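Reading through the structure tokens given below for one structure.
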Amino acid sequence: MNAIVAIVGRPNVGKSTLFNRLSRSRGALVDDQPGVTRDRLYALIQWRDHALTIIDTGGFEGPGDEPLSEQVKGQVVKAIEEADRIIFLVDGREGIMPGDEDMAHVLRRCQKDVFLAVNKIDGPEHDHLLSDFYRLGLDKVYPLSAAHGYGVNAFMEEVVKGLAVLGAEAERDERIRVAILGKPNVGKSSLVNRILGSERLLVSELPGTTRDAVDTHFSLRGKDYLLIDTAGIRRKARVKEKIDKFSMIKALGSLHRCHVAVIVLDAQSGIADQDARICGHAFERNRALILAVNKWDLIKKDGEKRDRLGQAMERQLKFISFAPRVHVSALTGEGVMDLFEHMESLYEQYSRRIGTGLVNRAVGEMILKRPPPEHGRSRLKLFYSTQTGTRPPTFVVFVNRPDMVHFSYQRFMINQLREKLGLQLTPIKLIFKKRE
């Protein structure tokens, strides 16, 4: 099993910058504003001959104006409990601050290997800044610059020393990647917590609690999943702060990483234009879609509200009528496991490969049912078809005149392919090419 290394410290000392450097990614949001990271973020990395799981954590600080500071602190403590080794990061330019002393007090009691890293030391000329940090009572102090890389290699050699060598075996990622998306405060993190059966993510009544895209690995009924909890996607007009723009970019970016997008809707407040926009983002990127209608427990006994919700979904989400709808309650757990029954069926269709013979037979039946359109003396001719890709199922139809394919006939063919090939739950990509 991978050794777990947690990066901890007070806000704005560079934890996420170090996390991104070690994971060679932009996996964590980085900004000058303190408190950007709130949940724990995980990344699997290989350092020399060691496979590691590194954890980025929120800023550890005493009571203040931040409404979620105690919950963030709880997440940091959980990361410390989980970790085999701990990187305690401090800011060399600012010197020792009260938050550093609080953190050091917690770490001295944890009885784990702690490595005190003094960040923002850009070269040997700044090494004199280290001396003050010996007062924190930890054995050795290491200089580094997370932003520029100075000292990071030598520091990580010390961190991994004595850990088991696991070799350079490449990880086969066969997990089903699931992004949880929706407007702010529709219950995304609550749904993830209900799925995982733990307080793995922060949950609050405050809109915008989750700012980063948080990855969580778990297994269910013999299948491996990666859950990506994202920040709420606001309307552009309401995105004011720079960090909120970053969060929205990260949330939409999760659509490029996932196989299945679970769009969380609020049954009580109904369907808004922003819900349709979020579904549109997922649809445009050809993601498999599930509509999780949350807070169902609040309206399920009210026939009028149920009818009104159903009509709104038919009207505003008609373009993704193929997407399964699951009524859930993150509060009570109702319907949550049904999500995964639909997800397994959906993912199987999303990944399915179909023989060319079956595809051509289905297209032939379509032509008999509804012949291709004519324009004057010209007629659209469909020669043969084949599947060229999966996730989503992608089909190429070779024709004489691609410009003659009207969108209505393309839509007819997609609907027929769904019906005849058993792909009722998945988006389908259909491409028309001129036969040379």
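Read-outs throughout are calculated quantities, based only on the coordinates presented, and are distinct from any laboratory measurement. Since we're looking at a predicted model, the values are computed, not measured. Here the Cβ is made from the backbone with ideal geometry for all residues, glycine too, and neighbour counts use every protein chain on show.
So what J values fall out for the range 370-385 if you push phi through Karplus, 6.51 cos²θ - 1.76 cosθ + 1.60 with θ = phi - 60°, rounded to Hz, Gly and Pro as x?
8, x, x, x, 10, 10, x, 8, 8, 9, 5, 10, 9, 8, 7, 9
How big is Rg to Rh over the range 299-411, alpha-carbon atoms, Rh as the Kirkwood inverse-mean-distance radius? Let's see the in-between values first.
Details: Rg = 20.0 Å, Rh = 17.8 Å.
Expressed as Rg/Rh, it is 1.12.
Rounded to the nearest 5, what is the percent of antiparallel bridges among the DSSP beta bridges in the range 356-434?
Details: 8 of 14 bridges.
Once the DSSP bridges in the range 356-434 are tallied, antiparallel ones form about 55 percent.
Based on the Cβ-Cβ distance from Ala272 to Thr332, what FRET efficiency comes out when R0 is 30 Å, to the nearest 0.05?
Details: r = 24 Å, r/R0 = 0.80.
That gives a FRET efficiency of 0.80.
Give the Kirkwood hydrodynamic radius (Å, one decimal) of the range 356-434, defined as one over the mean of 1/r across all pairs of different Cα atoms. Let's see the in-between values first.
Numbers: mean 1/r = 0.0788 Å⁻¹.
Every distinct Cα pair counted, the radius reaches 12.7 Å.
Amide H of Arg177: which non-local residues (sequence gap of 5 or more, or other chain) have their own amide H closer than 5 Å, using H built in the peptide plane?
Leu226, His259, Val260
Could you tell me the calculated FRET efficiency between Asp139 and Arg93, based on Cβ-Cβ distance and R0 = 30 angstrom, to the nearest 0.05? Walk me through the numbers on the way to the answer.
On the way: r = 23 Å, r/R0 = 0.77.
Result of the calculation: an efficiency of 0.85.
Hey, quick one: spin label on His217, modelled 7 Å out along Cα-Cβ, who in the range 82-102 has an amide N within reach, i.e. under 20 Å?
82-87
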